[in-house]
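Here's the structure we're looking at; comments come further down.
The values are calculated or read from the model by the stated rules, or taken from the named source; none is laboratory data. Here the structure is a predicted model, which is why all the values come from computation and not from measurement. Ideal geometry is used to build each Cβ from the backbone, glycine not excepted, and the neighbour counts take in all protein chains shown. Please note that ligands, DNA and RNA were not included when accessible areas were found on the heavy atoms of the full protein model with its side chains. Shrake-Rupley method; radii C 1.70, N 1.55, O 1.52, S 1.80 Å.
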Amino acid sequence: MATTAEIRKQVAVQFKPTHLFAHIVLFGVGLILLYPLVFMILAGFFSRAEFTSSVLGLLPIPKEPTLRNYLVLFYGSTEAGVQKYFINSSIRTVYNTFWALLTSFLAGYVFARLKFKGKDQLFLFLLGTQMIPGTIALIPTYLEYARFPFAGGNHIFNGGTGILDTWWVYLIGGPSINIMGAFLVKQSIEKIPFELDEAAKVDGASTIRIIFQLLLPLQLPIMAYIAITTALGTWNDFATPFFYTSTDSLQTLPAAITRLSSAAAGPAGIPNWPLIITLGLGATIPALLMFFFFQKYIVQGLANTGIKG
């Protein structure tokens, strides 16, 4: 049994001033990162009139707090059909995540296991497309949607609006090969000995069974990482609904908040900032919860591919 002197010695060895300093710094950084969230929560209790007429301090405390903005967040109003925006965002998130998982796994398998001419060059080309900023594709994508054949009054390539301002913007524009996901799956599958596939074939397993019953379960951490990052990216996507749709019923939460900056303006032309901030809080919390509960899968998924940060 350890003596008092030995225990004190162990505590002295484990405790270092640098550790205390590091924890103080991390605590301070944590408070700084949490401050915008606290500000948004408190701002949601303001009325429009009090918010615009008050001089806000570091922590805005309303003199006459109201729950109206939070009621609008949960139940909607004539200013903001929040449930509709929330449903649109949720449908897009689930739809894009499903296709990202499917295409990432299948593309990763193809580049890891199949042999065909030009495989490495094609994969390098796909990786190279990730270096192109997404904003460069906004105008070409808009023209592609506007000139989509035989849609929206188009003849072959023009004459109407194509698939702009329809759900087809989300349904056609959403599914695509997740190149980063395919790269991670490829790296992981390449670490699995090919003899495992051959042994399964000897036992009578078909290629489909090998893919989905043998290899897929081994990729679950990576698939979880792809699902989380895709879901977060789609949920926070602002550009797609903002640039390619205009009908209110097609808006997602991030794009709708931006439109409310002008649509929710009062007689004096001042936007209803407390409502807009509250809706922004409603869009932020699901993403924060998603990251908080599943962050371990992000680390685990990258670790399984052998990629080091």
crowded, with 18+ Cβ neighbours inside 10 Å and polar (S, T, N, Q) - does that describe any residue in the range 214-228?
-> yes
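Out of everything in the range 241-251 that is open to solvent by 30 Å² or more (accessible area, probe 1.4 Å) and either assigned to a helix (DSSP H, G or I) or touching a His at 6+ places or on another chain (Cβ under 6 Å) (or both), what residue ends up being farthest from S90 (Cα to Cα)?
Our first condition is that a residue be open to solvent by 30 Å² or more (accessible area, probe 1.4 Å); within the range 241-251, this holds for 242-243, 246-249.
With either assigned to a helix (DSSP H, G or I) or touching a His at 6+ places or on another chain (Cβ under 6 Å) (or both) added as a condition, the list becomes 242-243, 248-249.
Working: F242: 16, F243: 19, D248: 16, S249: 14 Å.
The selected residue is F243.
Say whether the condition of being modelled with pLDDT of 85 or more and open to solvent by 90 Å² or more (accessible area, probe 1.4 Å) is met by at least one residue in the range 159-169.
yes
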Evaluate the following for V38: is it at pLDDT 80 or above and farther than 20 Å from A283 by Cβ?
-> no
From (1) exposed (fewer than 10 other Cβ atoms within 10 Å of the Cβ); (2) within 35 Å of the chain's Cα centre (by Cα); (3) modelled with pLDDT under 80, pick out the condition that doesn't hold for V13.
-> (2)
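If only one of T93, T135 is under 19 Å from the mean Cα position of the chain (by Cα), assigned to a helix (DSSP H, G or I) and modelled with pLDDT under 85, which one is it?
Numbers: T93 fails: modelled with pLDDT under 85.
Result of the check over T93, T135: T135.
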Determine the pairs where a residue that is within 15 Å of G173 (Cβ to Cβ), located within the range 131-156, has a partner that is assigned to a loop (DSSP other than H, G, I, E, B) and open to solvent by 50 Å² or more (accessible area, probe 1.4 Å) with Cβ atoms under 8 Å apart, the partner being 6 or more residues away or on another chain.
-> A146/T161; R147/F157; R147/N158; G152/T161
Return yes or no: is V72 within 30 Å of T229 (Cβ to Cβ) and under 30 Å from the mean Cα position of the chain (by Cα)?
-> no
Matching residues in the range 21-77 (part of a helix (DSSP H, G or I) and open to solvent by 90 Å² or more (accessible area, probe 1.4 Å)) number 14
Of the conditions (1) buried (at least 16 other Cβ atoms within 10 Å of the Cβ); (2) at pLDDT 85 or above, the single one that G81 does not satisfy is (2)
Are any of the residues in the range 255-266 part of a helix (DSSP H, G or I), modelled with pLDDT under 85, within 16 Å of S89 (Cα to Cα) and not aliphatic (A, V, I, L, M)?
-> yes
Would you check which residues across the range 180-215 are in a helix (DSSP H, G or I), of a type in the set (A, V, I, L, M, F, W, C) and within 24 Å of L124 (Cα to Cα) and list them?
-> M180, A182, F183, L184, V185, I189, F194, I211, L215
